[in-house]
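A.B. asks: Can you keep this structure in mind? I'll have questions shortly.
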Amino acid sequence: MIEFEIFGNKDTRSGFGEGLHELGKNNSEVVALCADLIGSLKMDAFVKDFPERFFQAGISEANMIGMAAGMTIGGKIPFTGTFAAFSTGRVYDQIRQSVAYSNKNVKICASHAGLTLGEDGATHQILEDIGMMKMLPNMTVVVPCDFNQTKQATLAIAEHEGPVYLRFGRPVMPIFIKPDAEFKIGKADVLIEGTDVTIVACGHLVWKSIEAAKVLEAQGVSVELINMHTIKPLDKETLLKSLAKTKCVVTAEEHMRAGGLGDSVAQVITTEYLVPQEYVAVNDSFGESGTPMELMTKYHIDSQDVVDACLKVIKRK
Amino acid sequence: METKELQNIASQVRRDIVRMVAQVSSGHPGGSLGCTDFLTVLYFDSMKHTHSPFSMDGKGEDLFFLSNGHISPVWYSVLARAGYFPVSDLGTFRRLGSKLQGHPSTDKKLPGIRIASGSLGQGLSNAIGAAETKKLNGDDSFVFTLHGDGELQEGQIWEAAIYAAAKKIDKLIATIDYNGRQIDGDVDDVMSLGNLGAKFAAFGWIVYEMDGHNIDEIKETLTKVKAGAGQGKPSVIIMKTEMGKGVDFMEGTHKWHGSAPNAEQLASALAQLEETLGDY
């Protein structure tokens, strides 16, 4: 029986806020910048306790990213906070030149990623950010799956030298990663071991995939679930080890099919170990207003979609 | 440093610039020649800095950010002549594998460069960040920037201008290369900046003006600006220059913004510029 201990329900952005506050206490070089979204990013505690290390940039994301790059000169570790849409597409050129090409130790922390931002609609529901960020040389891309892991990832990226994109979200979701679990950038977690199909998921789709695995288990299908919290560098070793066993893969993410986790996995299987793959991702479409869960269902990134993709890919073996 | 000595360095830097762009038939001589006197004074007279060893963090040093990265030839020459790297490296400018990339970058670790520039409008933000870090580190040094006037059409510049005034980044000294020309023609024709001094003043900056080709005036202005800094406001120097300064056929036009002279034109240019320190 697939069972996970649940440690409550919280949003991943709150995990970021707690992690950042802890960094404030333990790492005097950490500074934080925000573009008028302190509350949304859960940065309040850091702002309150470390005001001299907090920089309110106003609604000027390009200047914020440029400043963050400059702040590394002299040894600071800047964490920028705004919505994922404004952390990436709006400031791509600033990230490309001042952060990635210049290889600056900036942590771009992006909340409200994907459809689960919900009611604000498609202007804010970015589904292209993983693709944009992973294409940049020097950039590390991390997409943690729950509150606890987002906190652990926030602490871990401060120790990592170089540019990082950390993606998290708005909705309250179950917490299933242990509070004391080890988090290592680039080392995926095998959450469920199985033999019939490998699911490789990131972010909120990890919980959806756990739900799917339970449904599949009841139907006699044995699922191996990999939480691929680091999209770049991708943990090929864990992936290939699993594929050698299951011989097929479903990728699941809250992102466009093009350019996301699925494409990173496809690159590995087409060049190193060819097996059938199915994508659970948004298919070349903008989102719309709605509740997070309504949107996941409508845009086919729900647990039922993971179940369907698994049954389909197993038939293609 | 004595004015005559600075003039000699500037003359050699101008020779370096035209030779560098001519040897690879590419690069940006116009703005480089126009900013030669300023960068010479900045590095040889005004800034507190060291090249041995070059430190990325630059703690305790004044920092300089070139926001209009396309005038890399003048920066590279000044850095080399100041001792940051061998002057012979100038011969590798824009060649495959060189540390002297077309636009300044850090990835090949050229001493003196702290961040990439080329895509315009980013240097002021970078400099503000560095200035904020200096404040946190209790480092009272200055942070200098240089911008093209055409570059000020980028919106990010004005985001940064608001921030610098609002947050009292008062050890920041920006200089505008006010030559009135950009790739497509005169700035006034492409998209006029209007009354630039009034704009910066309205944004809350202390505004200075200077002649960018009068070494004594540059020295005096920089001394005055530094003395007036630290009072809660950022400073900007609107520096009147001539694109292509020092080479007669390059002056008075925007056409040498991004074109290199041919062999004959190079010979004509070099005949107008005294070799004072030895060519690379």
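The values are calculated or read from the model by the stated rules, or taken from the named source; none is laboratory data. The structure presented is a predicted model; accordingly, all values stated were derived computationally and were not measured. Glycine gets a Cβ as well: all are built from the backbone with ideal geometry, and neighbour counts include every protein chain shown. When the accessible area is computed, the model is the full protein with side chains, heavy atoms only, and any ligands, DNA or RNA have been set aside. Shrake-Rupley method; radii C 1.70, N 1.55, O 1.52, S 1.80 Å.
A.B. asks: How would B:ASP211, B:ASP248, A:ASP305 rank on accessible area, largest to smallest, probe 1.4 Å?
C.D. replies: The most accessible residue leads, giving B:ASP248, B:ASP211, A:ASP305.
A.B. asks: Here is a follow-up. Separation between the B:ASP140 and B:SER26 pseudo-spin-labels, each 7 Å from Cα along Cα→Cβ, expressed in nm?
C.D. replies: It is 4.7 nm.
A.B. asks: If you don't mind, another one. Quick one: 3J(HN,Hα) in Hz for segment A:4-11, Karplus 6.51/-1.76/1.60 with θ = phi - 60°, rounded, Gly and Pro as x.
C.D. replies: Using θ = phi - 60°, the values come out as 10, 6, 9, 9, x, 10, 7, 7 Hz.
A.B. asks: Please average, across the residues of B:112-122, the number of beta carbons from any other chain that are within 10 Å of each residue's own beta carbon, and give a whole number.
C.D. replies: Average neighbour count from other chains, rounded to a whole number: 5.
A.B. asks: Further question on the same structure: Compute the Rg/Rh shape ratio of segment A:1-83: radius of gyration over Kirkwood radius, all on alpha-carbon atoms.
C.D. replies: 1.08
A.B. asks: Still on this structure, please answer the following. Would you mind working out the magnitude of the charge dipole of chain A relative to its Cα centre, with +1 at each Lys and Arg C-beta and -1 at each Asp and Glu C-beta, to the nearest 20 Debye?
C.D. replies: That gives a dipole near 580 debye.
A.B. asks: Let me ask something additional. Whose amide H sits under 5 Å from the amide H of A:ILE192, counting only residues 5 or more places off or on another chain, with H placed in the peptide plane?
C.D. replies: Residues meeting the amide H criterion: A:LEU225.
A.B. asks: Packing-wise, with mean Cβ within 10 Å as the measure, how do A:2-8, A:311-317 rank, highest first?
C.D. replies: A:311-317, A:2-8
A.B. asks: Between A:GLU278 and residues 5 or more places away or on another chain, which pairs have amide H atoms under 5 Å apart, with H built 1.01 Å from N, and which residues are they?
C.D. replies: Amide H neighbours of A:GLU278: A:VAL249, A:VAL250, A:THR251.
A.B. asks: Under the rule of at least 5 residues apart or a separate chain, name every residue whose amide H is placed under 5 Å from the amide H of A:ASP11.
C.D. replies: A:MET173
A.B. asks: Mind checking the mean number of beta-carbon atoms from other chains within 10 Å of the Cβ atoms in B:161-168?
C.D. replies: 3
A.B. asks: Given points 7 Å out from each Cα along the Cα-Cβ axis, report the A:LYS312 to A:SER222 separation in nanometres with one decimal.
C.D. replies: For A:LYS312 paired with A:SER222, the spin-label model returns 2.5 nm.
A.B. asks: Now for a different question. Which pairs in the list A:LYS76/B:LYS171; A:LYS107/B:LYS134; A:LYS48/A:LYS184 are over 24 Å apart, alpha-carbon to alpha-carbon?
C.D. replies: Result: A:LYS48/A:LYS184 exceed 24 Å.
A.B. asks: A further question on this structure: What is the dipole size for chain B, taken about its Cα centre, with +1 at each Lys and Arg Cβ and -1 at each Asp and Glu Cβ, in debye to the nearest 20?
C.D. replies: 860
A.B. asks: Next question, about the same structure. FRET efficiency for A:LYS187 and B:LYS240, Cβ-Cβ distance as r, R0 = 51 Å, nearest 0.05?
C.D. replies: Efficiency for this residue pair is about 0.30.
A.B. asks: Just to be sure I understand the interface: list residues from segment A:63-84 that lose 50 Å² or more of accessible area between the chain on its own and the complete protein assembly, 1.4 Å probe.
C.D. replies: SASA drop of 50 Å² or more in segment A:63-84: A:ASN63, A:MET67, A:ILE73, A:GLY74, A:LYS76.
A.B. asks: Oh, and also: Which value, in debye to the nearest 20, gives the size of the charge dipole of the protein assembly as shown about its Cα centre, when Lys and Arg are +1 and Asp and Glu are -1 at the Cβ?
C.D. replies: 900
A.B. asks: Can you give the local net charge around B:ALA116? Use residues other than it whose beta-carbon is closer than 11 angstrom to its beta-carbon, Lys and Arg +1, Asp and Glu -1.
C.D. replies: +3
A.B. asks: Now, a different point. Under the definition of Cα pairs under 8 Å and six or more residues apart, what whole-number percent is the relative contact order of segment A:1-149?
C.D. replies: 24
A.B. asks: Further question on the same structure: Explain nothing, just compute: Karplus ³J(HN,Hα) = 6.51 cos²θ - 1.76 cosθ + 1.60, θ = phi - 60°, for every residue of segment B:11-21 in order, whole Hz, x for Gly and Pro.
C.D. replies: 5, 5, 4, 5, 4, 4, 4, 5, 5, 4, 6
A.B. asks: Follow-up. Before anything else, pin down the relative contact order of chain B: Cα pairs under 8 Å, at least 6 apart, normalised by residue count, whole percent.
C.D. replies: It comes to 27 percent, rounded to a whole number.
A.B. asks: What list of whole percents do you get for P(r) of segment A:196-257, with Cα-Cα distances grouped in 10 Å bins up to the one holding the largest distance?
C.D. replies: Binned Cα distances yield the sequence 23, 54, 23, 1.
A.B. asks: Still on this structure: Leaving ligands, DNA and RNA out of it, report the carbon-plus-sulfur percent of the accessible area of segment B:1-48 at a 1.4 Å probe.
C.D. replies: Carbon and sulfur together cover 40 percent of it.
A.B. asks: Could you work out how far the C-alpha centroid of segment A:202-220 sits from that of segment A:2-71, in angstrom?
C.D. replies: Answer, in whole Å: 31.
A.B. asks: Chain pair B, A: how much accessible area is buried, both chains summed, with a 1.4 Å probe, in Å² to 100?
C.D. replies: Result for this pair: about 2300 Å² buried.
A.B. asks: Also, quick follow-up: Quick one: what are the phi-derived ³J(HN,Hα) couplings along segment A:307-317, Karplus 6.51/-1.76/1.60 with θ = phi - 60°, whole Hz, x for glycine and proline?
C.D. replies: 4, 4, 5, 5, 5, 5, 6, 5, 5, 7, 5
A.B. asks: Taking Cα atoms of the protein assembly as shown, Rg/Rh with Kirkwood Rh, to two decimals?
C.D. replies: Computed over Cα atoms, the ratio is 1.05.
A.B. asks: Which percentage, to the nearest 5, of the DSSP beta bridges contained in the protein assembly as shown is antiparallel?
C.D. replies: Among the beta bridges of the protein assembly as shown, antiparallel pairing accounts for roughly 15 percent.
A.B. asks: Continuing with the same structure: Which three lengths, in whole Å and largest first, does chain B cover when its Cα atoms are put on their principal axes?
C.D. replies: Here the Cα extents, ordered largest to smallest, are 52, 45, 36 Å.
A.B. asks: Just to confirm, what accessible area per residue do you get for the protein assembly as shown at 1.4 Å probe, in whole Å²?
C.D. replies: 36
A.B. asks: Something else now. Post the alpha-carbon centroid distance, segment B:102-139 to segment B:1-65, in whole angstrom.
C.D. replies: If you average the Cα positions of each part, the centres end up 16 Å apart.
A.B. asks: Measuring from label point to label point, each 7 Å out along Cα→Cβ, what is the A:PHE7 to B:LEU277 span in nm?
C.D. replies: Placing both labels 7 Å beyond Cα along the Cβ direction yields 6.0 nm.
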